[in-house]
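Working notes, beginning with the structure itself.
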Amino acid sequence: MITVNAMGDKCPVPVIKTKKAMQALTGPETIEVLVDNEISVQNVTKMASSSGGKVTSEKLGEGEYKVTIQMEGAPAASDAAEDAACIPDARGNLVVVMASDRMGEGNDELGKVLAKSFIFAVTQLEELPKTMLFYNGGATLTCEGSDCLEDLKSLEAQGVEIQTCGTCLDYYGLKEKLAVGSVTNMYSIVETMAGAAKILRP
């Protein structure tokens with residue numbers, strides 16, 4: 001495990017430090033990058049993904065984020081200046097709504113697989129959503145035991161607001177098991193959806 005401490009560093013320093021650590025690899029290795037803001041998470045994630053790394057990220061606390069990169073070896077030579085470019089905030093005014101723990105109608109197990117795949121696909125969008133709303137059966141996706149937590153934590157670390165209906169958590173007895181994001185209410189859900197430029201609902 002290699003740790004890159006980029007806390008307090010401004011763009012493009014976290015990207016440059018991470019790139020140097022990746023180029024020094026001689027075999028498979030995991031790199032942990034510590035940063036203090038969501039934009040750095042987005043920039044490091046984009047660079048590492050384009051270099052062939054498997055990337056996840058997590059918000060550890062206020063102003064504390066961890067990006068984990070799994071590499072098979074040093075990346076191919078590329079334009080360092082382009083890799084280190086600071087991109088603007090990758091979030092748009094898109095709201096993703098998850099009203100169920102499964103996607104589509106038919107086989108329930110297939111529906112759950114599709115829902116997990118859908119959330120992973122959201123992590124790969126060029127423009128990330130501003131907010132993801134979870135209610136009714138969708139509330140289970142943000143709680144302990146969910147197969148989607150790794151992807152949702154990665155989205156949260158990049159600044160995506162993960163909000164789950166508090167009434168739904170109470171109904172399913174899950175309020176103490178919320179594992180990512182925050183609790184919201186119906187008024188806030190309606191307000192968020194009303195102010196969205198686009199709503200994506202699988």
(request) Give the cross-link partners of residue 116 among the aspartates and glutamates, using a straight C-alpha distance below 12 Å as the criterion and excluding same-chain residues fewer than 8 apart. (result) 101, 147, 150, 151
(request) Sticking to Cα atoms, compute the Rg of the range 156-202 to one decimal and its Dmax as the biggest Cα-Cα distance, whole number, in Å. (result) 11.8, 33
(request) Pop the C-beta distance of residue 2 and residue 86 into the FRET formula with R0 = 30 Å and round what comes out to the nearest 0.05. (result) 0.85
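Compute the normalised compactness of the range 100-202: alpha-carbon radius of gyration over 2.2 N^0.38 Å, N being the residue count. The partial results should precede the final answer.
Details: Rg = 12.9 Å, N = 103, 2.2 N^0.38 = 12.8 Å.
The range 100-202 yields a ratio of 1.01.
How much of the pair distance distribution for the range 1-62 lies past 20 Å, counting alpha-carbon pairs only, in percent?
Working: 314 of 1891 pairs.
Here the tail beyond 20 Å accounts for 17 percent of pairs.
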(message) Can you compute the helix-only [θ] at 222 nm over the chain? Use -39500 (n - 2.57) per DSSP H run of at least 4 residues, normalise by all residues, nearest 500 deg cm²/dmol.
(response) -10000 deg cm²/dmol
(request) Starting from one equal scatterer on each C-alpha and no solvent at all, send me the Debye-based log10 I(q)/I(0) for the range 1-117 at q = 0.18 Å⁻¹, two decimals. (result) -0.89
(message) At 1.4 Å probe size, with the rest of the protein present, what percent of the exposed accessible area of the chain is carbon and sulfur atoms?
(response) 50
(message) Can you tell me the orientation of helix 38-50 relative to the chain, as the angle in degrees between its alpha-carbon axis and the longest Cα principal axis, to the nearest 10?
(response) 70
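Beyond 23 Å, what share of the Cα-Cα pairs of the chain remains, rounded to the nearest whole percent? The partial results should precede the final answer.
On the way: 9542 of 20301 pairs.
That fraction is 47 percent.
Over the chain, what is the percentage of antiparallel beta bridges among all DSSP beta bridges, to the nearest 5? Could you put the intermediate results ahead of the total?
Details: 15 of 34 bridges.
If we restrict to bridges inside the chain, about 45 percent are antiparallel.
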(message) Among the listed pairs 153/198; 66/112; 17/175, which have their C-alpha atoms separated by more than 32 angstrom in this model?
(response) 17/175
(request) Set the Förster distance to 35 Å, then compute FRET efficiency between residue 175 and residue 72 from the Cβ-Cβ distance, nearest 0.05. (result) 0.25
(message) I'd like the isolated cysteines in the chain, meaning no second cysteine's beta-carbon lies under 4.7 angstrom from theirs.
(response) 143, 148
(message) Between 0 and 90 degrees, rounded to the nearest ten: what's the tilt of helix 108-123 against the longest Cα principal axis of the chain?
(response) 40
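Sorted by average packing, counted as other Cβ atoms within 10 angstrom per residue and highest first, what order do 39-48, 151-160, 118-127 take? If you can, show how the numbers build up before the last one.
Working: 39-48: 24.6, 151-160: 23.0, 118-127: 15.0.
Going by the mean number of other Cβ atoms within 10 Å, highest first, we get 39-48, 151-160, 118-127.
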(request) Extending each Cα 7 Å along its Cβ direction at residue 49 and residue 25, get the distance between those two points in nm, one decimal. (result) 1.7
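The values are calculated or read from the model by the stated rules, or taken from the named source; none is laboratory data. Not measured: the values here are computed from a predicted model. Glycine gets a Cβ as well: all are built from the backbone with ideal geometry, and neighbour counts include every protein chain shown. Each accessible area value is taken on the protein alone, full model and side chains, heavy atoms only, with ligands, DNA and RNA left out. Shrake-Rupley method; radii C 1.70, N 1.55, O 1.52, S 1.80 Å.
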